[in-house]
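The values are calculated or read from the model by the stated rules, or taken from the named source; none is laboratory data. This one's a predicted model, so the numbers in the text were calculated from it and none came from an experiment. All Cβ positions, even for glycine, are placed from backbone atoms using ideal geometry, and neighbour counts span all protein chains on display.
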């Protein structure tokens, strides 16, 4: 029996389709009080209905009054005044800013300033629109499943993973429901994410908290959803307004007139990541956001906000990170609770023991009848690769390891956590991916038809595997290269970063041993890559600045089934056992 009433869900979808049919292929902006639970759960069928009509949605659940939302409304007002020929300081500043950007964007930029076709709010009884009609809430589909366990899990994550303070501002992201033909996994799993995100909101101790979501794209090369594009551009330019370049000088005037400093950042973020991509960020692709010393550029405001240590721009940016981020993906409630409602500190101690053993080793060896690898830890210059854990990484905004190096880098964590990982100096040999790979989404693998990858130092090659998986991997890899070439053409990123990402394009970015004692097998990468008794290797970008790239595809290997022996070898040839016959060698 389904956790949810799917018959009622489909009835609700049909109801919203009838209400919204006049807005087919339009952009819809939904804003209401985050405390409105009926409106929140009604978003699941409403978003499916809107996507069936090929609409774009942007959703903000807020605490009223919302300064960022008010700023956005005033930007739309200003643009409409500009279009109407109204002459003022504001319209002049907006015209000049748009004009400078359009010299590179060639007509694509202006469109993001258009007001959405429909705006939706909510009261205690129903959705209220500016289109002259109301829509009833549709929550009959939802049933609370393991609600108390979910609430307990949320409190554990906020306390142990993020060590959240009452005074912090928090943003919680959730996933809208796509069309049936655009999702490959059970609908119930996507509906589960609504309960997970909601209990994360309710369990969040911070006084200032919001929820957000928007329509995703199938390709990273597609144009992004319009409202999200405008919001990202305004934030990125606001963070860059003191940069001495013509575009940012013009934006600074516009910011002062419209008080765009109201568009701020959170101190912490947690989000549920579904399938797909945000799409191209036009301003980032065409222009980019300079570091204060103008020695480098970012291609998204997210880079500036999070300043993660593996971005090559981070060490050149004098600003500290504004927020720390933790995320999960589409995952069933049972698996989420099972793998996250745990003692994270105890798990961290296991990771730390593995890290200590890796730090004593010069190389790591993986041996079995199938997977056999030599993994380098030390570069030709004698510099060592740094092993890390993936457990309680976001308790501070600043990464303590990089702060010791004088670099103000940010922090990120997976939920669930449970891995010791590092960026390998090189990998030689062959591995058999027989559990799952994450590309645009999680794709299940198996031991009968595994994904076989040959590693040749700083390059990998696909030997064989499921045809659909290989086709999707190559398709998304090609999209990444196209994106890189677009950035190269527009010079929105420094040529050194472009060259670096090209050189890393076919590299191995991560070697990891999984350590979560309660995670168990499912269809989703984020859980499987944490299961103790398994390991994973990532194709593409790594977790150190010299291994930056545009994609990161994790491949999970069933170490227990393949009976993997994994050990490090020190300078004097001594062995440091990490795993024996697929079982962790540390406790």
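Annotations
- When segment 248-257 is filtered for residues that are surrounded by fewer than 20 Cβ atoms within 10 Å (Cβ to Cβ) and either in contact with a helix residue (DSSP H, G or I) (Cβ under 7 Å, 6 or more places away or on another chain) or within 30 Å of residue 183 (Cα to Cα) (or both), the ones remaining, listed by number, are 253, 257.
- Check on residue 115, under 31 Å from the mean Cα position of the chain (by Cα) and closer than 30 Å to residue 492 by Cβ: yes
- Lone qualifier among 467, 369, 397, 363 - being on the phi < 0 side of the Ramachandran plot, without any contact (Cβ under 8 Å) to a residue 40 or more places away in the chain and surrounded by fewer than 21 Cβ atoms within 10 Å (Cβ to Cβ): 467
- Among the residues making up segment 17-36, those that are under 28 Å from residue 209 (Cα atoms) and touching a strand residue (DSSP E or B) at 6+ places or on another chain (Cβ under 8 Å) are 27, 28, 29, 30, 31, 32, 33, 34, 36.
- Out of 151, 119, one residue alone is within 30 Å of residue 192 (Cβ to Cβ), surrounded by 14 or more Cβ atoms within 10 Å (Cβ to Cβ) and in contact with a helix residue (DSSP H, G or I) (Cβ under 6 Å, 6 or more places away or on another chain). It is 151.
- Restricting attention to segment 37-72, the residues that are in contact with a strand residue (DSSP E or B) (Cβ under 9 Å, 6 or more places away or on another chain), more than 20 Å from residue 196 (Cβ to Cβ) and outside any strand (DSSP E or B) total 9.
Conditions (1) surrounded by 20 or more Cβ atoms within 10 Å (Cβ to Cβ); (2) in contact with a helix residue (DSSP H, G or I) (Cβ under 7 Å, 6 or more places away or on another chain); (3) assigned to a loop (DSSP other than H, G, I, E, B), marked per residue:
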| residue | (1), (2), (3) |
| --- | --- |
| 420 | yes, yes, no |
| 424 | yes, no, yes |
| 430 | no, no, no |
| 448 | no, no, yes |
| 471 | no, no, no |
| 478 | no, no, no |
| 481 | no, no, no |
| 484 | no, yes, no |
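- Odd one out for residue 181, checked against (1) closer than 29 Å to residue 444 by Cβ; (2) in a loop (DSSP other than H, G, I, E, B); (3) free of Cβ contacts under 8 Å to residues at least 60 places away in the same chain: (2)
- Residue 325 vs. criteria crowded, with 22+ Cβ neighbours inside 10 Å, assigned by TED's automatic domain parsing to the domain that holds residue 112 and either closer than 22 Å to residue 397 by Cα or without any contact (Cβ under 8 Å) to a residue 60 or more places away in the chain (or both): no
- Within segment 349-360, the residues that satisfy the criterion of being farther than 23 Å from residue 458 by Cβ and free of Cβ contacts under 8 Å to residues at least 60 places away in the same chain are 349, 352, 356.
- So residue 81, is it under 29 Å from residue 195 (Cα atoms) and either touching a strand residue (DSSP E or B) at 6+ places or on another chain (Cβ under 9 Å) or surrounded by 15 or more Cβ atoms within 10 Å (Cβ to Cβ) (or both): no
- Within segment 497-536, the residues that satisfy the criterion of being over 28 Å from residue 330 (Cα atoms) and in contact (Cβ under 8 Å) with a residue 40 or more places away in the chain are 497, 500, 501, 504.
- Checking the stated criteria, residue 355 turns out not to satisfy the condition of being within 23 Å of residue 310 (Cα to Cα) and crowded, with 22+ Cβ neighbours inside 10 Å.
- Filter pass, residue 27 being within 30 Å of residue 191 (Cα to Cα) and either surrounded by 17 or more Cβ atoms within 10 Å (Cβ to Cβ) or touching a helix residue (DSSP H, G or I) at 6+ places or on another chain (Cβ under 7 Å) (or both): yes
- Residue match in segment 93-110 (condition: touching a strand residue (DSSP E or B) at 6+ places or on another chain (Cβ under 9 Å) and touching a residue at least 12 places away in the same chain (Cβ under 8 Å)): yes
- The listed residues are 271, 174, and the only one of them that is touching a residue at least 60 places away in the same chain (Cβ under 8 Å) and in contact with a helix residue (DSSP H, G or I) (Cβ under 7 Å, 6 or more places away or on another chain) turns out to be 174.
- The one condition in (1) more than 24 Å from residue 170 (Cα to Cα); (2) part of a loop (DSSP other than H, G, I, E, B) that residue 391 fails to fulfil: (1)
- Within segment 211-234, residues that are under 18 Å from residue 44 (Cβ atoms) reach partners that are assigned to a helix (DSSP H, G or I) with beta carbons closer than 6 Å, at six or more positions or on different chains, in the pairs 211/201; 214/228.
- Evaluation of residue 25 against the conditions (1) closer than 25 Å to residue 197 by Cα; (2) at pLDDT 95 or above; (3) not in a helix (DSSP H, G or I) shows that the sole unmet condition is (1).
- Residue within segment 406-427 that is more than 26 Å from the chain's Cα centre (by Cα), outside the structural domain of residue 551 (by TED's automatic domain parsing) and without any contact (Cβ under 8 Å) to a residue 24 or more places away in the chain present: yes
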